[in-house]
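The values are calculated or read from the model by the stated rules, or taken from the named source; none is laboratory data. Keep in mind that this is a model prediction, so the values were computed, not measured. Cβ atoms come from the backbone with ideal geometry, glycine included; neighbour counts cover every protein chain shown. All accessible areas refer to the heavy atoms of the entire protein, side chains included, with ligands and DNA or RNA removed. Shrake-Rupley method; radii C 1.70, N 1.55, O 1.52, S 1.80 Å.
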Amino acid sequence: SQQGEEDPQALSIQEGENATMNCSYKTSINNLQWYRQNSGRGLVHLILIRSNEREKHSGRLRVTLDTSKKSSSLLITASRAADTASYFCATDGSNYQLIWGAGTKLIIKP
Amino acid sequence: DTGVSQNPRHKITKRGQNVTFRCDPISEHNRLYWYRQTLGQGPEFLTYFQNEAQLEKSRLLSDRFSAERPKGSFSTLEIQRTEQGDSAMYLCASSLGGTQDTQYFGPGTRLTVL
C-alpha cells in the first residue's frame with residue numbers, strides 16, 4: 001500500500017521557472033525523502049528531512065515539512081531541462097522500508 | 001562504478017518460466033532492499049536483508065517470489081512460474097545503516113512476461 005500522494009500528478013513549466021510539488025502522507029514518520037527518477041538514471045536520492053525539521057535546502061532544492069498536516073513540499077528553483085523527471089516522496093516504514101507515493105511527472109519546456 | 005548494479009537490465013520471458021535477477025549493492029552497505037515498480041506508480045517494497053539475514057519477507061507478492069543474500073553481499077530475486085502480472089521494473093537498493101538511512105538504488109531490471 002502506498003503511504004504518500006504527490007500533487008500534482010503532472011506539471012509542465014517553462015525553463016527558468018520554479019516548480020513546486022507537494023506530498024501528503026498518512027502515518028507518523030521519522031523522516032521523509034525526495035527522489036528523482038528518469039529513464040536514464042533510475043531513482044536518485046535528492047534530500048532527506050527529519051520529522052523535527054521544518055525546512056531544508058540543497059542547491060536549487062528547498063523542502064518543507066509540516067508534520068501537523070502530514071505534508072511536504074519540494075521546490076525546484078530556476079528549473080532546467082535536465083530537471084525533467086518524475087519526483088517521488090518516500091516515508092520511512094517498518095524495517096527501514098520506504099513507502100512511496102505515485103510521483104509527480106515534471107516536464108521542463110525549453 | 002561503485003553504485004548499485006543489477007543484472008540483467010531487461011528480461012523477456014514466457015509465462016510459466018522461472019526468472020532470477022541479481023543485485024550487487026555498494027560494497028560497504030549491509031542493508032539491501034528489493035522493490036517492484038509498475039508504470040505510473042512509486043516503488044512497492046518487497047523484502048529486506050540485514051547482511052545475510054532476511055528480516056522482512058511478508059511483503060513478497062506470493063510464494064512464487066523468493067530472495068536470497070547468501071554471503072551478505074549480492075542478492076538474487078527469483079520469480080517462479082511467471083505470470084503476465086509480474087511484468088514490472090524490479091529495483092534493488094542498498095544502504096549503510098543508521099536511523100537516517102539513505103537508500104541508493106540500482107538501475108532496475110525490467111521484466112516482461114509474454
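Report those strands (runs of 3 or more DSSP E) wholly inside the stretch B:39-114 carrying at least 1 residues which are among the small types (Gly, Ala, Ser). Steps first, please.
Details: elements: B:44-50, B:53-56, B:65-68, B:75-79, B:88-95, B:109-113.
Answer list for the stretch B:39-114: B:53-56, B:65-68, B:75-79, B:88-95.
Can you confirm whether the stretch B:13-24 contains a residue that is acidic (Asp, Glu) and either in a strand (DSSP E or B) or at the interface with another protein chain (Cβ under 9 Å from one of its Cβ atoms) (or both)? I'd like the intermediate steps shown before the answer.
Taking the stretch B:13-24 and keeping what is acidic (Asp, Glu), we get B:24.
Narrowing further to those that are either in a strand (DSSP E or B) or at the interface with another protein chain (Cβ under 9 Å from one of its Cβ atoms) (or both): B:24.
Within the stretch B:13-24 (the criterion being acidic (Asp, Glu) and either in a strand (DSSP E or B) or at the interface with another protein chain (Cβ under 9 Å from one of its Cβ atoms) (or both)), the answer is yes, since at least one residue qualifies.
Which ones in the stretch A:6-36 are more than 12 Å from residue A:102 (Cβ to Cβ), open to solvent by 70 Å² or more (accessible area, probe 1.4 Å), in a loop (DSSP other than H, G, I, E, B) and not β-branched (Val, Ile, Thr)?
A:15, A:17, A:18, A:26, A:28, A:30
Conditions: (1) open to solvent by 30 Å² or more (accessible area, probe 1.4 Å); (2) within 12 Å of chain A (Cβ to nearest Cβ); (3) in contact with a Ser or Thr (Cβ under 7 Å, 6 or more places away or on another chain). Residue B:110 meets all but one. Number of the miss?
Tallying (1) open to solvent by 30 Å² or more (accessible area, probe 1.4 Å); (2) within 12 Å of chain A (Cβ to nearest Cβ); (3) in contact with a Ser or Thr (Cβ under 7 Å, 6 or more places away or on another chain), residue B:110 fails exactly one: (3).
Just to check your reading of the model, which residue among B:35, B:48 is touching a helix residue (DSSP H, G or I) at 6+ places or on another chain (Cβ under 7 Å), open to solvent by less than 10 Å² (accessible area, probe 1.4 Å) and under 28 Å from residue A:29 (Cα atoms)? Outline the logic, then answer.
On the way: B:35 fails: touching a helix residue (DSSP H, G or I) at 6+ places or on another chain (Cβ under 7 Å).
Answer to the selection: B:48.
Does the stretch A:74-86 include one or more residues that are open to solvent by less than 10 Å² (accessible area, probe 1.4 Å), touching a residue at least 12 places away in the same chain (Cβ under 8 Å), within 8 Å of chain B (Cβ to nearest Cβ) and out of contact with any helix residue (DSSP H, G or I) (no Cβ under 6 Å at 6 or more places or on another chain)?
Scanning the stretch A:74-86, I find no residue that is open to solvent by less than 10 Å² (accessible area, probe 1.4 Å), touching a residue at least 12 places away in the same chain (Cβ under 8 Å), within 8 Å of chain B (Cβ to nearest Cβ) and out of contact with any helix residue (DSSP H, G or I) (no Cβ under 6 Å at 6 or more places or on another chain), so the answer is no.
Inspect the stretch B:4-12 for any residue being more than 14 Å from chain A (Cβ to nearest Cβ), touching a residue at least 12 places away in the same chain (Cβ under 8 Å) and either in a loop (DSSP other than H, G, I, E, B) or charged (D, E, K, R) (or both) and give the result as yes or no.
yes
Taking the residues in the stretch A:46-65 that are more than 10 Å from the chain's Cα centre (by Cα) and within 13 Å of chain B (Cβ to nearest Cβ) as candidates, determine which candidate is most open to solvent (accessible area, probe 1.4 Å).
Per the stated criteria, the residue is A:52.
State yes or no: is residue A:70 surrounded by 14 or more Cβ atoms within 10 Å (Cβ to Cβ) and either touching a Cys at 6+ places or on another chain (Cβ under 9 Å) or free of Cβ contacts under 8 Å to residues at least 40 places away in the same chain (or both)?
Details: surrounded by 14 or more Cβ atoms within 10 Å (Cβ to Cβ): yes; either touching a Cys at 6+ places or on another chain (Cβ under 9 Å) or free of Cβ contacts under 8 Å to residues at least 40 places away in the same chain (or both): no.
The answer is no for residue A:70.
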